[in-house]
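Notes for the one structure printed next.
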Amino acid sequence: WKPGIWGALGGYYEPAAFVNAVQRTQTSHLPDPFDPTPVEQGIGVYYCDLLYGGVSFAILEDRKFKSGPAAVWPKKGRADHVKDRGFDPKAADVPGAKLLGDRQLRFLEHWASDWKGADFKVVLSQTILCNLANYHGPRQEFLVADLDSNGWPQTGRNRALETIRRGCGFTIAGDQHLASIVHHGIREWGDAGYSFCVPSIAAGYPRSWLPDKEGRPVEGRAPGAPPNTGRYRDGFGNLMTVYAVGNPEARRRPGVLETLHDKASGHGFVRFDPSDGTIRMECWRLLVDVNRPKPGDQFPGWPMTIRVEDNDGRTAVAYLPAIAVPELNDPVIQVRDDASDEILYTLRVHGGRFRPKVFSKSGRYTLTVLDPERGRKVVLTDVTPGDETITVRF
């Protein structure tokens, strides 16, 4: 066995019985899976949703259903690491290559529309949906692209973002050993949701995002914003707006904890405030006292606060009539495009009045106003953009 070889082929290195034992050990406390049908060799699944404290979590398995790059994309050498600066990212987006898989996408579609008891929608994933890190390992080796990231395959990555966006979902992830806040883009910068990748609590294998080191052009970096932030394309051509990144220090002080601290170890907090629909991200370095914070205790760019609606970053082309629900605070509103029969988004709004955004001036839409806690809903059909107010009573 060599690192990266078996994993690049797909599947598991250990026997199915061992895989199931590990999964039971680490996931048996979770709710029942959305669809408990095992995958090949009788290996179980655990992807599910968990409602806690008004936050609806979609817990994903973004390794189990992902295609192995060596199995679908012939390449010399290590299949998941691309070092050739002349690499054409489109060549790696192989037709039929999977990321989350069809089953998990169906789960996410259902989850994005089910807001009973929820004020927020949050995806818990192993890895964020882009390839942020471009320097890897103790020698900080440069990689053009890493197929082990969830920036590949691009088509699967975009489908996942589109599905999560229908519920204004925010993503929390780990695995890449590199703390970050990224606003993802599909067709335009920032037209999808945000992700917060928390740092490793003990970063043994450091990764970095250092486009400034390469002199890469950058747009959208606000005055005074930290280095290596702004609008970029990752190694696969995916759009990402980087707001914060927790790169390791160049120094390595002696001492186990000091070394881990310098390698960008730490921990993240996310604070959800249902009173105003805000999401606050904090990212603390390892050797700090969070009860007595000092400047520099958090990584550059943190803390940062966004709103639930920011996780659907599409620009409104028009607005539908305002929806007023006088007998209900914080209703759930779903917008469906009649032409495509596609749910554009489902969202719990704050207050009793909301004006839905849409992305065509000439479209017709179906609006569903829901009180999911009481099982009530009102469906408004053939709605077109306009300035009036529609009052809804159950």
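The values are calculated or read from the model by the stated rules, or taken from the named source; none is laboratory data. Since we're looking at a predicted model, the values are computed, not measured. Neighbour counts run over all protein chains shown; Cβ positions are idealised from the backbone, glycine included. Keep in mind that these areas ignore ligands, DNA and RNA; they rest on the heavy atoms of the full protein, side chains included. Shrake-Rupley method; radii C 1.70, N 1.55, O 1.52, S 1.80 Å.
Brief remarks follow.
- Of residues in region 348-369 being more than 12 Å from Val335 (Cβ to Cβ) and in contact (Cβ under 8 Å) with a residue 40 or more places away in the chain, the one most open to solvent (accessible area, probe 1.4 Å): Lys361
- Residues of region 252-296 that turn out to be more than 20 Å from Arg207 (Cα to Cα), among the β-branched types (Val, Ile, Thr) and either surrounded by 14 or more Cβ atoms within 10 Å (Cβ to Cβ) or in contact with a Ser or Thr (Cβ under 6 Å, 6 or more places away or on another chain) (or both), as a count: 4
- Qualifying residue in region 184-194 (condition: open to solvent by less than 20 Å² (accessible area, probe 1.4 Å), among the aliphatic types (A, V, I, L, M), more than 30 Å from Val335 (Cα to Cα) and within 21 Å of the chain's Cα centre (by Cα)): no
- Selection from region 219-251 of residues that are open to solvent by 30 Å² or more (accessible area, probe 1.4 Å), in contact (Cβ under 8 Å) with a residue 60 or more places away in the chain and outside any loop (DSSP other than H, G, I, E, B): Tyr243
- Residue within region 82-96 that is part of a loop (DSSP other than H, G, I, E, B), buried (at least 19 other Cβ atoms within 10 Å of the Cβ) and of a type in the set (Gly, Ala, Ser) present: no
- Among the residues making up region 71-89, those that are at pLDDT below 90 and in contact with a helix residue (DSSP H, G or I) (Cβ under 8 Å, 6 or more places away or on another chain) are Ala71, Trp73, Lys75, Arg78, Ala79, Asp80.
- Leading residue by the ranking (nearest to Phe107 (Cα to Cα)) among those in region 162-177 that are modelled with pLDDT under 95 and not acidic (Asp, Glu): Gly174
- Per this entry, Arg216 is not counted among residues that are farther than 18 Å from Thr127 by Cβ, open to solvent by 60 Å² or more (accessible area, probe 1.4 Å), touching a helix residue (DSSP H, G or I) at 6+ places or on another chain (Cβ under 6 Å) and at pLDDT below 95.
- Across region 190-213, the qualifying residues are those that are assigned to a loop (DSSP other than H, G, I, E, B) and under 17 Å from Thr171 (Cα atoms), and the one among them that is modelled with the lowest pLDDT is Ser200.
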